[in-house]
Amino acid sequence: MDPNTVELTSILTKNIAEVTFEWVTNKLKAAKEVKDIEALRNTYEEIINSLVRKNSEVTRVAQEYKVLYDRVNISDQDIEYLQSTLEKILNLLTSSGNSSVPSASIEIVKQIVNKETLKTMQLLGFNYKEAIGEPLTEVCSTMIRKKFELTKNSSNKTSQIRNK
């Protein structure tokens, strides 16, 4: 488990343990025994303030859990968009003429980005952004560098020919 998740779980557990039904019940019982109105008001304020603080802390933890979840989750709409555009990207990479990506590899990537496959893999803990996004970024980067290198070299050769 990643350190952020462990820390969030620890914070959540601590907050749940500190303000429980039993804690509130005990505070209310103690408050009923108090005859002084000011002490009773202070006890009720303590209960309310504690519950409000814990609620905001638990809400913050829930939002951080959501951020962690969103980093590894892909929606159905995102998968459909990915499927519709990935083939174009892969075809562009291979049509550049300088691609070192075998067509069999491209077919495998297309099959991996199948909606059912991705959803099942996510349930098993698959992180598609790392597994697909990072290598695809590297392939694009390499292709762009090679393309500009060829363009630069051909420009230099053309300039040298003209100068002669």
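Of all residues in the stretch 98-125, those that are in contact with a Ser or Thr (Cβ under 7 Å, 6 or more places away or on another chain), part of a helix (DSSP H, G or I) and either at pLDDT 80 or above or β-branched (Val, Ile, Thr) (or both) total 1.
Do the conditions hold for Leu93, that is, is it at pLDDT below 80, closer than 28 Å to Glu130 by Cα and in contact with a Ser or Thr (Cβ under 6 Å, 6 or more places away or on another chain)? When the stated conditions are applied, Leu93 passes them. Within the stretch 127-164, the residues that satisfy the criterion of being at pLDDT 80 or above and hydroxyl-bearing (Ser, Thr, Tyr) are Thr137, Ser141, Thr142.
Which helices (runs of 4 or more DSSP H) sit wholly inside the stretch 1-97 and have at least 2 residues that are without any contact (Cβ under 8 Å) to a residue 24 or more places away in the chain, of a type in the set (Ser, Thr, Tyr) and loosely packed, with under 12 Cβ neighbours inside 10 Å?
Where helices (runs of 4 or more DSSP H) fall fully within the stretch 1-97 and carry at least 2 residues being without any contact (Cβ under 8 Å) to a residue 24 or more places away in the chain, of a type in the set (Ser, Thr, Tyr) and loosely packed, with under 12 Cβ neighbours inside 10 Å, they are 3-18, 37-72, 76-95.
Residue pairs whose Cβ atoms lie under 6 Å apart, separated by 6 or more positions or on different chains, with the first residue in the stretch 111-139 and closer than 14 Å to Tyr81 by Cα and the second aliphatic (A, V, I, L, M), are Val113/Leu82; Val113/Leu86; Lys115/Ile79; Leu118/Ile79. Criterion first (within 20 Å of Ala131 (Cα to Cα) and either out of contact with any His (no Cβ under 6 Å at 6 or more places or on another chain) or among the aliphatic types (A, V, I, L, M) (or both)) does Leu86 satisfy it? In short, yes.
The values are calculated or read from the model by the stated rules, or taken from the named source; none is laboratory data. A quick note: this is a predicted structure, and the numbers were derived from the prediction, not measured. Cβ: placed from backbone, ideal geometry, glycine included. Neighbour counts: every protein chain shown.
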